[in-house]
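Colleague: Take this structure first; my questions come after.
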Amino acid sequence: MTACRICQTPLEPFMTFGKMPIANGFLSKEEFAGEYFFELAPALCAKCKMVQIIEQPDPDRMFHDHYPFFTSSSHYMTLHFKKFAEQILQDNLSQSADPFVVELGCNDGVLLQNFANRGIRHLGIEPSANVAAAANKKGVRTVTDFFNEGLAKKIVAEDGQADAIMAANVMCHIPDLASVAQGVGRLLKNDGVFIFEDPYLGDIVEKTSYDQIYDEHVFLFCGLSVSNAFSPYGLQLIDVIPQVTHGGSMRYVLAPTGSRQAKPSVELLLERERQQGLDRPETFKKFRENCEKSRRDLLAVLNDLRQKGKRVVGYGATSKSTTVINYCGITPEHIEFISDTTPDKQGKFTPGGHIPVKPYADFKNTYPDYALLFAWNHQVEIMEKEGEFSASGGKWINFVPKVEISK
Ligand code: TYD
């Protein structure tokens, strides 16, 4: 039996999504035969309350030199990271004469560029060489590596300790949280802060947004589990700030234990999570039932449209869509293609379901009857720019928080 990655308690999955490919493993026809699959099954640790997937593929299968994910492809995300940087500058760096900030998993430098532009000492750590190259090109100092205590020591020797360590949509990717926590402990100044944000379990449960569960997201965090996971390493949760990004995220602020007083927001969140039942198996049994209903409802809509001969196209070949497509059994018979603005995904096929991914122009030039909104986390941004599709009679299929068709 698998043990909890945080506290070694034996784990039982509360459901399985079945065999899944690598969520960002967009592939060519020639690669279909050798495609890798693993069992995607999440579990709640009875002791430390960490929700995690039982099996996770080897990191080298997920993060490599052709990783097709570029954060800057979303205008709203770029704005979000600008505000994030400004908040840190104001709250955490204003007292420091020569601050030094580090970002774990800096992707294409979308957050750190806000520090680089101001001449602030910074360092990005990014395991995927292609996105790290994009960051360096922007003038964001980046090393291609995985973060751990060894790397932390090296950084301290070369640059000194950090005033702030940040991570966005990265911590939930890292199975060995202990090694990161130890590295953070070494790299962070005594009065420094460690700030990270990730999709929030409370939102996932409330909205049945099960598509947040895929290979890269080894953990689905909440305040209870984050607090339990980091306190053994001398890091205390001192603030929590909800975010609208990724369909509902949480920003966690941690500091060396005893260095600062926790804000009331922390206890308020932990209490709300206990009320929501994020620490209880019954909640996840209900979540499983909700996922099954979502799958039935979405397939019913797609089968109906297929029978009626309607053209359905997917919008946004997100990592999340891999879970939806494979769990629901969506095929190219249901969806003609998925439109996506990321050049690295275009001309390829989606993992497992093998639905073609095409450039945005293919959507724009010949509108389909229906667009299935896989990139639902960017709904506001997408609706703003797709007025013409709706005006032409096009309809949207949504599946979060429930399956429905809208104009
Ligand atoms: P993202 O939101 O990062 O989701 P995930 O973490 O699940 O991969 O990915 C959004 C994807 O949608 C990305 O491939 C770019 C694409 N996209 C579009 O094609 N058009 C758009 O207008 C937006 C906002 C995103």
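The values are calculated or read from the model by the stated rules, or taken from the named source; none is laboratory data. Bear in mind that the values here come from a model prediction, so they are computed numbers and not experimental data. No Cβ is skipped: glycine too gets one built from the backbone with ideal geometry, and neighbour counts run over all protein chains shown. Keep in mind that these areas ignore ligands, DNA and RNA; they rest on the heavy atoms of the full protein, side chains included. Shrake-Rupley method; radii C 1.70, N 1.55, O 1.52, S 1.80 Å.
Colleague: Quick one: net charge of Arg306's neighbours, Cβ under 12 Å, K/R +1, D/E -1?
Modeller: Summing Lys and Arg as +1 and Asp and Glu as -1 gives -1.
Colleague: Nothing charged except the Cβ atoms of Lys and Arg (+1) and of Asp and Glu (-1): what's the magnitude of the dipole of region 181-263 about its Cα centre? Round to the nearest 20 debye.
Modeller: For region 181-263, the charge dipole is close to 460 debye.
Colleague: Shifting gears a bit: Based on the Cα atoms of region 116-240, what semi-axes does the equivalent ellipsoid have, where each is the square root of 5 times one gyration tensor eigenvalue, given in whole Å with the largest first?
Modeller: So the three semi-axes of region 116-240 are 25, 19, 13 Å.
Colleague: Can you give the FRET efficiency to the nearest 0.05 for Lys364 and Lys29, using r as the Cβ-Cβ distance and R₀ = 22 Å?
Modeller: Approximately 0.30, to the nearest 0.05.
Colleague: Contour minus end-to-end for Glu292 and Tyr36, with contour as 0.36 nm per residue of separation and end-to-end as the Cα-Cα distance?
Modeller: Roughly 89.7 nm would be gained on extension.
Colleague: For helix 264-276, what angle does its Cα long axis make with the longest principal axis of the chain, in degrees from 0 to 90 and rounded to 10?
Modeller: Taking Cα atoms only, the helix is inclined about 40 degrees.
Colleague: Now for a different question. Give me the percent of accessible area attributable to carbon and sulfur for the chain, probe 1.4 angstrom.
Modeller: 50 percent
Colleague: Stick to the Cα atoms of region 71-279, pair each with every other, and give me the Kirkwood hydrodynamic radius in Å at one decimal.
Modeller: After inverting the pairwise mean of 1/r, the radius is 17.2 Å.
Colleague: Give me the extension gain from Lys138 to Gln161: residue separation times 0.36 nm, minus the current Cα-Cα distance, reported in nm with one decimal.
Modeller: 5.9 nm
Colleague: If every alpha-carbon in region 318-379 counts as one equal scatterer, what log10 I(q)/I(0) does Debye give at q = 0.13, 0.18, 0.24 1/Å?
Modeller: -0.31, -0.61, -1.13
Colleague: Can you tally the net charge around His80? Count Lys and Arg as +1, Asp and Glu as -1, for every other residue whose Cβ sits under 15 Å from the Cβ of His80. Write out the running numbers ahead of the final one.
Modeller: On the way: positive: Lys82, Lys83, Arg251; negative: Glu86, Glu103, Asp108, Glu197, Asp198, Glu381.
Computed value for this residue: -3.
Colleague: If you don't mind, there's one more thing I want to ask. If you take the C-alpha gyration tensor of region 283-406, multiply each eigenvalue by 5 and take the square root, what semi-axes do you get, largest first, in whole Å?
Modeller: Ellipsoid semi-axes (Å, largest first): 22, 16, 15.
Colleague: Using the basic label-point model (7 angstrom from Cα toward the beta carbon), what is the Arg186 to Asp304 distance in nanometres?
Modeller: Going from the Arg186 label point to the Asp304 one covers 5.8 nm.
Colleague: For region 283-406, with only Lys/Arg (+1) and Asp/Glu (-1) charged at the beta-carbon, what is the dipole magnitude about the Cα centre, in debye rounded to 20?
Modeller: With only Lys, Arg, Asp and Glu charged at Cβ, the dipole is about 440 debye.
Colleague: Which Cys residues of the chain have no other Cys beta carbon under 4.7 Å away?
Modeller: Cys106, Cys172, Cys222, Cys291, Cys328
Colleague: Continuing with the same structure: Provide, in order from the shortest bin, the percent of all Cα-Cα pairs of region 1-116 in each 5 Å bin, continuing until the bin that contains the maximum pair distance.
Modeller: 2, 9, 13, 13, 12, 13, 16, 13, 6, 2, 1, 0
Colleague: Same structure again: Ratio of Rg to Rh for region 71-187, alpha carbon only, Kirkwood? Please report the intermediate quantities before stating the final value.
Modeller: Values: Rg = 13.3 Å, Rh = 14.2 Å.
Taking Rh as the inverse mean 1/r over Cα pairs, Rg/Rh reads 0.94.
Colleague: If you average 1/r over all unlike Cα pairs in the chain and invert the result, what Kirkwood radius do you get in angstrom? Intermediate results must be reported in sequence, preceding the final value.
Modeller: On the way: mean 1/r = 0.0455 Å⁻¹.
Kirkwood hydrodynamic radius for the chain: 22.0 Å.
Colleague: Now, a different point. Run through the DSSP bridge list for the chain and note the antiparallel percent, rounded to the nearest 5. Could the numbers behind the result be given before it?
Modeller: Working: 28 of 56 bridges.
Expressed as a percentage, antiparallel bridges in the chain total about 50.
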